[in-house]
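For reference, the structure discussed in these notes is given below.
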Amino acid sequence: MFSEIDLPQLKNIIREGRTFILDVKAEWCHPCRLIEKYLIPLSSEYPEMDFYSIDYEKDTSVFDFLEIGTVPYIILFNRGKIERRVRGYVREDTFRTIMKETYP
């Protein structure tokens, strides 16, 4: 599953203690679009995990809440806690390795 969410939804998902991947993006950001091109199909390969994206331009307070300052930015959560942060563009093969290391 790959869904776009907003900040109140994100806070609720974290409170529920879910394991998920969050893609923080902006519409104008070309590297963000490149990441999304592989995250959407990747979400089908991992049906047990939720994949979400949040557009920081719709609510800039997401930067403060997540303590980030740039896009693209991917955060891997495990049971509602931040397990790993990925700042900037990463290739698909690199991200797959990061997933395997984070969720063995």
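The values are calculated or read from the model by the stated rules, or taken from the named source; none is laboratory data. These figures come from a predicted structure and were not determined experimentally. Glycine also receives a Cβ, built like all others from the backbone with ideal geometry; neighbour counts cover every protein chain displayed.
Remarks
- The residue that is nearest to the chain's Cα centre (by Cα), counting only those in the range 39-75 that are surrounded by 13 or more Cβ atoms within 10 Å (Cβ to Cβ) and of a type in the set (S, T, N, Q), is SER53.
- For the residues ILE68, ILE35, ILE14, ILE40, the requirement of being on the phi < 0 side of the Ramachandran plot, in contact with a strand residue (DSSP E or B) (Cβ under 6 Å, 6 or more places away or on another chain) and of a type in the set (A, V, I, L, M, F, W, C) singles out ILE40.
- Output for the range 10-25, where each listed residue is in contact (Cβ under 8 Å) with a residue 12 or more places away in the chain, over 11 Å from the mean Cα position of the chain (by Cα) and in a helix (DSSP H, G or I): LYS11, ILE13, ILE14, ARG15
- Pairing each residue of the range 64-75 that is among the aromatic types (Phe, Trp, Tyr) with any residue that is surrounded by fewer than 22 Cβ atoms within 10 Å (Cβ to Cβ) and in a strand (DSSP E or B), provided the two are 6+ apart or on different chains, yields C-beta distances under 8 Å for TYR73/ARG85; TYR73/VAL86; TYR73/ARG87.
- The set of residues in the range 26-50 that are of a type outside the set (A, V, I, L, M, F, W, C), farther than 19 Å from MET99 by Cα and not in a helix (DSSP H, G or I) contains only GLU27.
- Here GLU27 clears all of (1) surrounded by fewer than 18 Cβ atoms within 10 Å (Cβ to Cβ); (2) closer than 22 Å to ASP93 by Cα; (3) in contact with a strand residue (DSSP E or B) (Cβ under 8 Å, 6 or more places away or on another chain); (4) of a type outside the set (Ser, Thr, Tyr) except the condition numbered (2).
- Within the range 76-104, the set of residues being more than 24 Å from GLY17 (Cα to Cα), charged (D, E, K, R) and either in contact with a strand residue (DSSP E or B) (Cβ under 8 Å, 6 or more places away or on another chain) or surrounded by 13 or more Cβ atoms within 10 Å (Cβ to Cβ) (or both) comprises just one member, GLU92.
- Checking each residue in the range 70-94 for being out of contact with any Lys or Arg (no Cβ under 9 Å at 6 or more places or on another chain) and either farther than 14 Å from LYS25 by Cβ or at pLDDT below 95 (or both) picks out LYS81, ILE82, GLU83, ARG84, ARG85, ARG91, ASP93, THR94.
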